[in-house]
Amino acid sequence: MRQNQEDLIGRKFGRLTIVSVEKSGKNYKKKAVCKCECGNKHKADLDQIKMGQTSSCGCIAKEMRGKK
């Protein structure tokens with residue numbers, strides 16, 4: 001079942017909360033404009049967010065590098 005774009009607005013995936021959804025590029029892939037828990041805005045591929053491949057604006061990777 002396909003999910004309506006409006007149903008995704010306000011939903012949280014990892015640290016990202018979807019603010020809006022837009023079409024982007026020649027192939028019209030859907031991009032999600034998100035607000036991260038750290039305060040940054042981030043635009044990412046909607047499919048990657050829904051599959052769990054993108055869960056932050058990059059702040060998790062920065063935190064992990066800082067711990068090493």
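The values are calculated or read from the model by the stated rules, or taken from the named source; none is laboratory data. What you are looking at is a predicted structure, and each value in this text was computed from that prediction instead of being measured. Accessible surface is based on the protein model in full, side chains and every heavy atom, while ligands, DNA and RNA are left aside. Shrake-Rupley method; radii C 1.70, N 1.55, O 1.52, S 1.80 Å.
Give the Rg/Rh ratio for the chain, taking Rg as the radius of gyration of the Cα atoms and Rh as the Kirkwood radius, to two decimals.
Reported Rg/Rh (Cα atoms, Kirkwood Rh): 1.01.
Find how much the distance from residue 48 to residue 28 grows on full extension, using 0.36 nm per residue of separation minus their present alpha carbon separation; answer in nm with one decimal.
Taking 0.36 nm per residue and subtracting the Cα distance, the gain is 5.7 nm.
Given H placed 1.01 Å from N in the peptide plane, which residues other than close sequence neighbours of residue 13 have an amide H under 5 Å from its amide H?
Under 5 Å from the amide H of residue 13 lie the amide H atoms of 18, each far enough along the sequence or on another chain.
In square angstrom, what is the accessible area per residue of the chain with a 1.4 angstrom probe?
74 Å²
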